[in-house]
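One structure, as structure tokens, below. Some questions next.
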Amino acid sequence: MKFFKILKDYPISTQKTKRKGKDMMYSAVKSALFFVTSGVILFSLLSCSGKIKYPVTKEVDVVDDYHGTKVADPYRWLEDDNSAETKQWVEAENKVTFAYLKKIPQRKKIEKRLTELWDYEKYSLPYKEGGLYFFSKNDGLQNQPVLYVQESFEAEPRVLIDPNKFSEDGTIALTTTSVSKNGKYIMYGTASGGSDWQEFKVKEIATGKDLADHLKWIKFSGGSWSRDSQGFYYSRYPEPKEGEELQQQNRFPKVYFHRVGTDQSDDELIYEDPTQPDWGFSAFVTDDGRYLVLHVWQGTDRRNRIYYVKLNGSRQGRVIKLLNDFDAGYQYIDNDGSLFYFQTDLNAPKSKVIAIDVRRPNRLNWKTVIPERDDVLSGVNVINNKLVAVYMHNAHNLIKIFEKSGSLVNEVALPAIGSVAGISGKKEDSEMFYGFTSFSYPTRHYRYDFAAGESTLFRSPEVKFNPEDFETQQIFCESKGGVKVPIFITYKKGIDLKSGNNPTYLYGYGGFNISLTPSFSVSNLQWMEMGGIYAMANIRGGGEYGVEWYKQGTLANKQNVFNDFIAAAEYLIAEGYTSKEKLAIGGGSNGGLLVGACMTQRPDLYAAALPAVGVMDMLRYHKFTIGWAWASDYGRSDDPEQFMFLYAYSPYHNLKEGTCYPATLVTTADHDDRVVPAHSFKFAARLQKCQICDKPVLIRIETRAGHGAGKPTGKQIEEQADKWAFLVKNLEMK
């Protein structure tokens, strides 16, 4: 289990990542009008003047007392997503939004071109388990990628799991897989409607037959098989109350062992800590089968604990708390018997690799294998019995190969400035596969030969565009306090870059130690084809420059994140790349919070805003599902000091009546059980009341979808076409 990354509960659109080939762990709108006696009064779409007539949303008299400060919450009723009132409000808002989008003349042409660009074969990296090879493939416009298996690279692949057959509308996705050591079984997880809740099943690989095994109420967990292939370890939460899947907090997880062919009720409890309801557990078996390693995490805090069990042929044993000080982040890499390798940021903000002999765990016996360097160490695999390290230099990736002694062997030459999109290989392999992507490079797969020290192209997608028509630059702006913030800008060659009139889409995230590095996006490609500049700002709160860069964007320092993004916008305008009339901002999840905060703080600076699945109510976010887990970044309103800075920037609470806000299209989904849709509902309702000018402020609510993972291709294309059409109209693009 190399380069194992704890699956934490980031409020980010989580994407499945393949590391060593293991999946680490995601419309029809009714058109009737309503008049509701409870006080929700819904009007027609447009007034006779052509100005949008929004649904008039009822307000309730709810006031909370936060440490002596009275805070009104007039749209509290929208937090109940199951109520008839909320469902009627959703339907009415969607009716207004889709009527507006439908009338944009360019909308159909945008969707047609987007569909054409999207229609290309997309492969995952191949990986080997149990003597078999696996990969996933989407033929182009399939709603979900299909998992294939083959006996060897020369053998004909066959379909093993086709999620497109799980449901007619393509909204049930394959979330995670794990292959037994003997290659007989595959455990696979599914999620419905974009939910974080997973269900696990077991399939015989040779026959393709599903067994009776059916496990439920699983979140943020994969499965790890025992050495004898009789079952797997996983973690799960208590079953939520019916109808409260979006409201009930996810706490008190437990680690279990499931034996193939038995009922979930018979699963063997391996570990729990009832005194720590907010701790999470990721359990996996080392490749040699001798140890069960437990990553113990607390929300999204980068710091964690490491426990292990010496198996000795049994299912469980005494849990040994190897690293229990919660003083740094530790990621298990590999073991040679009792010698465990970890990536850690202990006294190394940009990370290093250490080795700990678990027989002599005293810190005086720890050895530094790869010391901290100027660049940030993003992750490490063990392949060919060497340490394959991915570094980040100014927000783009490098690959370096080291001996286990720590001596540098080689640096893998990458095609351009870009990102490593996964690495696949095992300790004993003489080759590895890695993906490479950049803004104008659709993900290509390369095979690296350790003996030759060279890479060859293994697989390259054929997208209907010419990458040579586009160009990328990295520029730097100055934020408050003199901090230099990098910005990638990508555009079609030939545009007048400093005309001051280029439609520009500025994207950011800024949180949870997550780094934004160059990657290919069909939708961004289309934006550039239409003459737009795509700009991505690497603001504080991310991990681009290590732990200190991240910390400067958390808790009381969160305003730095917004300052950096605002500085990037001001720089793009001042340098003539764009203008206030042509600048749009966007981001999702924590990035949706970023957009919400920046548009409330500087509504004059942007022409349009696209906040997606955002955390908008910073005083109550911790009361829903996994929201409590984000307190390490945000803080909590029940703390008097933290309440003050949360209240100061909370987007929902900082909307002011009589203000002209940018044209805004809020996007969310009715099944989002990570950042619950109430955030966007309440923000949009208040924004519509506060807006004083004619710029539209709309909310688009996807049905049978969640936070982003597993969203069917058809829904992705429709939503992106709506976003670009909205910007084309409101930026007055020709």
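Counting every Cα pair in the stretch 300-358, what percent are over 16 Å apart?
Result: 48 percent of Cα pairs exceed 16 Å.
Counting only Cα atoms, I'd like the Rg/Rh figure for the stretch 201-275, Kirkwood definition for Rh.
So for the stretch 201-275, dividing Rg by the Kirkwood Rh gives 1.01.
Cα atoms only: what Rg and Dmax, in Å, come out for the stretch 67-211?
22.0, 71
How much net charge surrounds Asn560 when only the other residues with a Cβ under 14 Å from the Cβ of Asn560 are counted, with Lys and Arg +1 and Asp and Glu -1?
0
Cβ neighbours within 10 Å, averaged per peptide: list 281-291, 357-367 in order, most packed at the top.
281-291, 357-367
While we're on this one: Per 5 Å bin from zero, what fraction in whole % of the C-alpha pairs of the stretch 274-413 is there, up to the bin with the longest pair?
Calculated P(r), rounded to whole percents: 2, 9, 18, 22, 19, 16, 8, 4, 1, 0.
Over every pair of different alpha-carbon atoms in the stretch 154-211, take the mean of 1/r and invert it; report that Kirkwood radius in Å.
12.3 Å
Taking N as the number of residues in the stretch 371-443, what is its Cα Rg relative to 2.2 N^0.38 Å?
This ratio for the stretch 371-443 stands at 1.08.
Related question: Note the per residue figure in Å³ for the convex hull of the C-alpha positions in the stretch 634-734.
It comes to 120 Å³ per residue, whole-number rounded.
Ranked from the most accessible area to the least, with a 1.4 Å probe and all protein chains present, what is the order of Thr368, Thr713?
Putting Thr368, Thr713 in descending order of accessible area: Thr368, Thr713.
Here is a follow-up. Rank by packing, highest mean first: peptides 578-587, 605-614, with packing defined as the count of other Cβ atoms within 10 Å averaged across residues.
605-614, 578-587
Further question: With every protein chain left in place, what is the accessible area per residue of the chain in square angstrom, probe 1.4 Å?
Per residue, the chain has 38 Å² of solvent-accessible surface.
Right, another one. For a quick protection proxy, order the peptides 293-306, 480-493, 434-447, 665-678 by their average other-Cβ count within 10 Å, most packed first.
The peptides rank, most packed first, as 665-678, 434-447, 293-306, 480-493.
Using +1 at the C-beta of Lys and Arg and -1 at the C-beta of Asp and Glu, which of Thr490, Asn384, Ser226 has the Cα lying farthest in the positive direction of the dipole of the chain?
Value computed over the given set: Thr490.
With only alpha-carbon atoms counted, please give the Rg and Dmax of the stretch 436-548, in Å.
16.5, 52
Roughly speaking, to the nearest percent, how much of the stretch 353-451's 1.4 Å accessible area is carbon and sulfur?
Ligands and nucleic acids excluded, carbon and sulfur reach 46 percent.
Where does the charge balance sit around Lys70 when Lys and Arg score +1, Asp and Glu -1, over other residues with C-beta under 14 Å from its C-beta?
Taking every Cβ under 14 Å from that of Lys70, the sum is -4.
Using the structure shown, list the pairs from Lys53/Lys715; Lys58/Lys103; Lys254/Lys352; Lys122/Lys711; Lys109/Lys734 with a Cα-Cα distance above 21 Å, or answer none.
Lys53/Lys715; Lys58/Lys103; Lys254/Lys352
Across the Cα atoms of the stretch 333-395, what radius of gyration and what greatest pairwise Cα-Cα distance (Dmax) are found, in Å?
For the stretch 333-395, the Cα-based Rg and Dmax read 12.1, 39 Å.
A further question on this structure: Rule-of-thumb check for the stretch 225-314: C-alpha Rg over 2.2 N^0.38 Å?
1.18
Scattering from the C-alpha atoms of the stretch 490-616 alone, worked out with Debye: what is log10 I(q)/I(0) at q = 0.19, 0.22 1/Å?
-1.03, -1.29
Expected output is a single nm value to one decimal: the length gained when fully extending between Glu268 and Val319, i.e. 0.36 nm times separation in residues minus the C-alpha distance. What is it?
Once the chain is fully extended between Glu268 and Val319, it gains 16.9 nm.
Can you give the log10 of the normalised intensity I(q)/I(0) at q = 0.16, 0.17, 0.22, 0.25 Å⁻¹, computed with Debye over equal Cα scatterers of the stretch 96-164?
-0.66, -0.70, -0.92, -1.05
Size of the dipole of the chain about the Cα centre, Lys and Arg at +1 and Asp and Glu at -1 on the beta carbon, nothing else charged, in debye to 20?
That gives the chain a dipole magnitude of about 480 debye.
At 10 °C and a viscosity of 1.306 mPa s, what translational diffusion coefficient does Stokes-Einstein give for the chain, taking Rh as the Kirkwood radius over Cα pairs? Give it in µm²/s as a whole number.
60 µm²/s
Given a cut-off of 22 Å, name the pairs among Lys108/Lys723; Lys623/Lys682; Lys102/Lys682; Lys400/Lys464 whose C-alpha atoms lie farther apart than that in the structure shown.
In this structure, Lys102/Lys682; Lys400/Lys464 exceed 22 Å between Cα atoms.
The values are calculated or read from the model by the stated rules, or taken from the named source; none is laboratory data. Predicted model, so just to flag it, every value in this text is computed and none were measured. Virtual Cβ from ideal backbone geometry, glycine too; neighbours counted across all protein chains shown. Surface areas here come from the heavy atoms of the whole protein model, side chains and all, with no ligands, DNA or RNA. Shrake-Rupley method; radii C 1.70, N 1.55, O 1.52, S 1.80 Å.
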